[in-house]
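Asker: Next up is a structure, given as structure tokens.
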Amino acid sequence: MYSMSYGFGHARTAQTTIPCRACGTALRVERTCHEVFLRCATCRTTHTVGEYVDQMDDALESFMENVYCDRT
Ligand SMILES: [Zn+2]
């Protein structure tokens, strides 16, 4: 089996341009089958998308469009 992290099509993480409110680091968006969250590599914290929905950028928006649990 191939690593799911590098599967074709839908990535499980993406880099956004949304700055962390605590430190300003651009957040990464990650998903599991059940949820999507934003992670700050500097603070080592996670944030819900809802906290940053007013700052949603193209990267996050396109990522959200692909948030489904792929069972093909
Ligand atoms: Zn941070």
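Asker: If you go through the stretch 22-50, how many residues are surrounded by 14 or more Cβ atoms within 10 Å (Cβ to Cβ) and charged (D, E, K, R)?
Answerer: Total satisfying the criteria: 4.
Asker: Suppose the filter is more than 12 Å from Asn66 (Cα to Cα), within 13 Å of the ligand (Cβ to nearest atom), in contact with a Ser or Thr (Cβ under 8 Å, 6 or more places away or on another chain) and β-branched (Val, Ile, Thr); does Thr25 pass it?
Answerer: Criteria met by Thr25.
Asker: Continuing with the same structure: Of (1) at pLDDT below 95; (2) surrounded by 14 or more Cβ atoms within 10 Å (Cβ to Cβ), Ser62 satisfies all except one. Which?
Answerer: (2)
Asker: Name the residues in the stretch 23-40 that are modelled with pLDDT of 95 or more and outside any strand (DSSP E or B), would you?
Answerer: Answer for the stretch 23-40, where residues must be modelled with pLDDT of 95 or more and outside any strand (DSSP E or B): Cys23, Gly24, Thr25.
Asker: Take Thr16 and tell me if it is at pLDDT below 95, surrounded by 10 or more Cβ atoms within 10 Å (Cβ to Cβ) and under 10 Å from the mean Cα position of the chain (by Cα).
Answerer: Numbers: at pLDDT below 95: no; surrounded by 10 or more Cβ atoms within 10 Å (Cβ to Cβ): yes; under 10 Å from the mean Cα position of the chain (by Cα): yes.
No; evaluated as a whole, the condition is false for this residue.
The values are calculated or read from the model by the stated rules, or taken from the named source; none is laboratory data. Worth saying up front: this structure is predicted, and the values here are computed from it rather than measured. All Cβ positions, even for glycine, are placed from backbone atoms using ideal geometry, and neighbour counts span all protein chains on display.
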